[in-house]
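Since the structure comes first, as structure tokens, the remarks are kept for the end.
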Amino acid sequence: MKRFLVLVCGVMSLGTAAAATDPAPPGDLTAAQIVDRNITARGGLSAWRAINTLTMAGQLEAGGKRNSELPFVMRMKRGHKSRLEITFKDQTAVQVYDGKQGWKVRPFLNRNEVEPYSPAEAKAAASWEELDGPLVDYAKKGTKVELAGMDAVEGRPAHKLKLTLKSGEQRDLWIDAATFLEVKIDGQPRKMDGKLRKVAIYYRDFRPEGGLTMPHTLETVVDGVKENHKMSIQRVAVNAPMQDTLFQKPQLALASAPGR
């Protein structure tokens with residue numbers, strides 16, 4: 001389930017493919033200009049500020065020899081609230097974060113009790129930004145953005161931005177030099193085989209959704225691991241009504257009930 005949290009949280013909002021109008025050539029842009037172009041390309045500042053909830057549903061690759069695709073629903077609400085439901089063989093695993101603390105129910109592992117997030121899971125959940133992503137109102141969020149040069153991401157030039165979060169954590173984010181959409185972001189590092197391995201999330205297949213443009217394919221890549229994991233988003237809903245009770249500690253009798 002930790003892999004799914006990292007993968008899904010990485011999609012917390014990317015926008016439209018319209019180009020900004022700043023005449024400066026790519027090599028002369030400042031970090032602030034790149035951020036402005038990104039927000040314009042994603043639909044504009046006022047559009048993102050008007051969004052209070054975001055729902056995404058689709059399929060997640062489970063990994064392993066069979067690499068089954070599992071249906072998921074991810075719901076997010078302002079206040080850093082999130083709820084992830086993943087279904088497998090008529091069982092539903094749930095991860096809930098109320099903005100301050102989180103809980104999980106993992107029937108796939110025969111863990112049929114409500115468990116609190118581990119310290120690592122709580123840190124990962126707290127480190128991901130609001131549903132509008134890391135660059136919208138970044139200064140108000142306490143994030144510092146610096147330009148770290150140009151890189152090639154999947155054969156295309158991209159601006160590399162270094163983000164320093166309010167917590168002091170640093171994360172790199174790559175912005176396509178042509179479309180100004182996010183193409184890659186650092187994920188939460190994972191400890192595997194006694195080593196802390198880097199994680200990257202790639203964004204692909206952008207499509208319009210409710211006045212914005214969302215990536216419909218995400219791929220999580222762990223350094224040194226051959227098997228990657230994709231998430232396919234099939235449905236997006238913007239500003240669907242959500243009660244705050246949806247993000248409270250799950251009750252076992254209700255944990256598998258979608259929309260609770």
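Tabulated values for the structure
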{"item": "Residue 91 being farther than 21 Å from residue 51 by Cβ, among the polar types (S, T, N, Q) and surrounded by 21 or more Cβ atoms within 10 Å (Cβ to Cβ)", "result": "no"}
{"item": "Residue in region 151-164 that is under 17 Å from the mean Cα position of the chain (by Cα), modelled with pLDDT under 95 and either surrounded by 18 or more Cβ atoms within 10 Å (Cβ to Cβ) or of a type in the set (Lys, Arg) (or both) present", "result": "no"}
{"item": "Enumeration of residues in region 230-250 that are surrounded by 11 or more Cβ atoms within 10 Å (Cβ to Cβ) and assigned to a helix (DSSP H, G or I)", "result": "244, 246, 247"}
{"item": "Answer residue from region 121-143, given it is among the acidic types (Asp, Glu) and assigned to a loop (DSSP other than H, G, I, E, B) and is surrounded by the most Cβ atoms within 10 Å (Cβ to Cβ) among those", "result": "132"}
{"item": "Which numbered condition residue 73 fails, given (1) in contact with a Lys or Arg (Cβ under 6 Å, 6 or more places away or on another chain); (2) closer than 23 Å to residue 50 by Cα; (3) surrounded by 18 or more Cβ atoms within 10 Å (Cβ to Cβ)", "result": "(1)"}
{"item": "Failed condition for residue 227, given (1) modelled with pLDDT of 95 or more; (2) of a type outside the set (A, V, I, L, M, F, W, C); (3) part of a loop (DSSP other than H, G, I, E, B)", "result": "(1)"}
{"item": "Of residues in region 108-132 being in contact with a Gly (Cβ under 8 Å, 6 or more places away or on another chain) and small (Gly, Ala, Ser), the one nearest to residue 42 (Cα to Cα)", "result": "125"}
{"item": "Test: residue in region 50-58 that is more than 14 Å from residue 129 (Cβ to Cβ), modelled with pLDDT under 80 and of a type in the set (Val, Ile, Thr)", "result": "no"}
{"item": "Subset of region 179-220 (residues that are surrounded by fewer than 13 Cβ atoms within 10 Å (Cβ to Cβ) and of a type in the set (Gly, Ala, Ser))", "result": "194"}
{"item": "Pairs, first within 19 Å of residue 247 (Cβ to Cβ) and exposed (fewer than 13 other Cβ atoms within 10 Å of the Cβ) in region 108-120, second polar (S, T, N, Q) and modelled with pLDDT of 80 or more, C-beta under 8 Å, six or more apart", "result": "116/101"}
{"item": "Tally, over region 39-61, of residues that are surrounded by 15 or more Cβ atoms within 10 Å (Cβ to Cβ), more than 24 Å from residue 101 (Cα to Cα) and in contact (Cβ under 8 Å) with a residue 40 or more places away in the chain", "result": "11"}
{"item": "Pairs with Cβ under 6 Å, 6+ apart, first in region 137-152 and at positive phi, second at pLDDT below 95", "result": "142/166"}
{"item": "Residue, modelled with the lowest pLDDT, within region 191-212, restricted to residues that are assigned to a strand (DSSP E or B) and touching a helix residue (DSSP H, G or I) at 6+ places or on another chain (Cβ under 8 Å)", "result": "212"}
{"item": "Of the criteria (1) at pLDDT below 90; (2) surrounded by 14 or more Cβ atoms within 10 Å (Cβ to Cβ); (3) within 21 Å of the chain's Cα centre (by Cα); (4) not aliphatic (A, V, I, L, M), which one residue 256 fails", "result": "(3)"}
{"item": "Filtered residues of region 157-182 (kept if assigned to a loop (DSSP other than H, G, I, E, B) and of a type outside the set (Val, Ile, Thr))", "result": "165, 166, 167, 168, 169, 177, 178, 180, 181"}
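Conditions (1) over 19 Å from residue 85 (Cα atoms); (2) in contact with an Asp or Glu (Cβ under 8 Å, 6 or more places away or on another chain), marked per residue:
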{"site": "205", "(1), (2)": "yes, no"}
{"site": "213", "(1), (2)": "yes, no"}
{"site": "220", "(1), (2)": "no, no"}
{"site": "226", "(1), (2)": "yes, no"}
{"site": "230", "(1), (2)": "no, yes"}
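The values are calculated or read from the model by the stated rules, or taken from the named source; none is laboratory data. The shown structure was predicted, so the numbers you read here are calculated from the model rather than taken from an experiment. Every residue, glycine among them, receives a Cβ derived from its backbone with ideal geometry; neighbour counts consider all protein chains shown.
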